[in-house]
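Asker: Quick one: the structure is below, and I'll ask about it shortly.
Laboratory data are not the source of any read-out in this text; all were calculated from the coordinates shown. Worth saying up front: this structure is predicted, and the values here are computed from it rather than measured. Please note: Cβ atoms are built from the backbone with ideal geometry, for glycine as well, and neighbour counts cover all protein chains shown.
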Amino acid sequence: MGNGAQALIRTLADAGIELCFTNPGTSEMHFVAALDGEPRVRAVLTLFEGVATGAADGYARMAGKPAATLLHLGCGLGNGLANLHNARRAQVPLLNLVGDHATFHTRYDAQLQSDIETVARNVSPGFVRTARSTATLCVDAVEALAAAQAHPPQVATLIVPADVSWGEGGEPSAPPERQAPAAIASDTLDAIAEVVRSGAPTAFLLGGQALREPALLDAARIAARRGVKLYAEVFPTRMQRGAGMPAVERIAYLAEMAGVQLAPYRHLVLVQAKSPVSFFGYPGKPSDLVPQGCAVHVLATPAQDAAAGLAALARLLDAQHTPPVLQAPLRPARPRGALTAPKLCKALGHLLPEDAILIDEAITSGLMLGVMTQGAPRHDLLTLTGGAIGQALPNAVGAALACPRRRVVALVGDGAAMYTIQALWTLARERLDVTVIICNNASYSVLNVELDRVGTQGAGPKARAQLELAGAPLDFARLAQGMGVHALRVDSAEDLCKALEYAFSQAGPHLIDARIPEALAGTRRKLLPWLLRSLPHLPAPVARGLKRKLAP
């Protein structure tokens, strides 16, 4: 028998936990010491808790199983909340281990004392527990892992007081049994099949496992056989796409454009997806994006087996042998001239490596990313599931550790990058094959767009200054070099392509500081609110054409 920490880490290893992203403090020292005795668990240090939590999210998206985080008290957990929010929205399995003061010490209300359980419930509503004894610690850990790997997966948080960790007599516990997702009832399948057979305009909205093989292929077979339209969630957790995969259009971020996409349909079938709503509430605009007269049906909830459900539905609709329509290989031409956001996306589509993992947090600079990469070699796309910026760089850390033989490309806005810039140090320390492209337009450009959309009047220089990054230019190449990452700055399409070719041919992390103008600025930004207001009143072909031009 060893102490609680030693038993805990053996329990985690026995359950298949291979990675722990750490930012430890005094209360976690016995767990840190126990790492040396368990070769099956790799510990990865991060310099900020938001990097640890975002990395665990990226790892789970690609590995399909949880990593652990090791965080210091309530303050450390609080520092990681934004990316835990994204992980919760992504519905990925993740285990937080949060150290706490020794149980006998809490009555003294020391400076770092806080209510950790209350902090944790914001992102771990399904499982938060404080271990009460060394004897029961590993049982608690197994139950936390079972909760994390439930259907749907979730963030589970186990709080470990220091004396529970150092206490003698810890006994490892057997791994939890994995549960299968719930089956879809036959009457649900029959009802959805009847909707599709009706011939009324029908769209499927896919999320979760429905955007992965083989579920995606079965959805495409149904679409080819029965004429339904396939859409993906605005921000999918993980979407397999590119040449040889079905081309699935994502619902637009801007509510008015989503309305154009959904307007033709009388039935919307949800497959592990949430019924679409506006990202924010706006004066005089609907929050529910389902058009009037469109009925919403649920084929599979996040707790159900979407892959089995789509396969069964394909059989009911006599589509199981229908060839799905697949995206043909198609790369855009090599861009030239002064660098812009569309040219940046074009360069990536032209050069994206085979089997890459593409992480998109480009915000407005990525408006053309989908169309420019849809015919690129097959790849996985990870997106900003919860909308809390600062996800891409940590996700890249976790994705690269989950898939060490695949090239990871993180496209991130300059403002978003600064939230978790410490991730660059971890990329360097772990020598990860990640190429980071910073869309450096010196602005929170999306907020400038939103300032106009929410109906504010007379926004002056003081207001605009809160949304701009100019005045103290951010030099990401120097920041990256200062943390051990090879980096350079580019402002032409030719230089960007050369930088990408070099980065994709060399091992280790690389950063490209791409100096670009705002994608939505000047006259285009001023016209955007007017265009968005006009969309519902325009002829459908005109509205669809405008939508494709602005955000294809």
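Asker: Let me know the charge dipole size of the chain about its Cα centre in debye, to the nearest 20, where only the beta-carbon of Lys, Arg (+1) and Asp, Glu (-1) is charged.
Answerer: Value, rounded to 20: 2280 debye.
Asker: Moving on. Restricting to bridges with both residues inside the chain, how much of the DSSP beta-bridge set is antiparallel, in percent to the nearest 5?
Answerer: In the chain, approximately 10 percent of DSSP beta bridges are antiparallel ones.
Asker: Match the structure shown to one of the listed values [x] 37; [y] 8; [z] 12 of percent of Cα pairs over 48 Å apart, computed from it, and give that label.
Answerer: Checking each listed value against the structure points to [z].
Asker: By per-residue mean of other Cβ atoms within 10 Å, what is the highest-first order of 235-242, 541-548, 309-316?
Answerer: Output ranking for 235-242, 541-548, 309-316: 235-242, 309-316, 541-548.
Asker: What do you get for Rg/Rh over the stretch 468-552 if you use C-alpha atoms and the Kirkwood form of Rh?
Answerer: My calculation puts Rg/Rh at 1.17.
Asker: OK, next. With each label point set 7 Å from Cα along the Cα-Cβ vector, what nm distance links V542 and F279?
Answerer: 2.7
Asker: OK, next. Placing unit charges on C-beta atoms (Lys and Arg positive, Asp and Glu negative, everything else neutral), compute the dipole magnitude of the stretch 2-170 about its Cα centre in debye, rounded to 20.
Answerer: Magnitude of the dipole: close to 480 debye.
Asker: When the expected Rg is taken as 2.2 N^0.38 Å, what fraction or multiple of it is the alpha-carbon Rg of the stretch 2-170?
Answerer: Normalised Rg, Cα atoms only: 0.91.
Asker: Looking at the square roots a ≥ b ≥ c of the eigenvalues of the Cα gyration tensor of the stretch 131-176, which shape do they give, rounded for a/c under 1.5, prolate if a/b is larger than b/c, or oblate?
Answerer: Taking the square roots of the gyration eigenvalues as a ≥ b ≥ c, the stretch 131-176 is oblate.
Asker: Based on the mean of other beta carbon atoms within 10 Å per residue, what is the order of 54-61, 322-329, most packed first?
Answerer: Highest mean packing first, the order is 54-61, 322-329.
Asker: What dipole magnitude, in Debye to the nearest 20, does the stretch 341-520 give about its Cα centre under +1 on Lys/Arg Cβ and -1 on Asp/Glu Cβ?
Answerer: 160
Asker: What does the charge count near Y444 come to, summing +1 for each Lys or Arg and -1 for each Asp or Glu among other residues with Cβ under 12 Å from its Cβ?
Answerer: -3
Asker: Classify the stretch 26-70 as rounded, prolate or oblate, taking a ≥ b ≥ c as the square roots of the eigenvalues of its Cα gyration tensor: rounded when a/c is under 1.5, otherwise prolate if a/b is larger than b/c and oblate if not.
Answerer: Taking the square roots of the gyration eigenvalues as a ≥ b ≥ c, the stretch 26-70 is oblate.
Asker: A further question follows. Could you order the peptides 122-134, 32-44, 380-392 from most to least packed, using the average number of other C-beta atoms within 10 Å per residue?
Answerer: So the order, starting with the most tightly packed, is 380-392, 122-134, 32-44.
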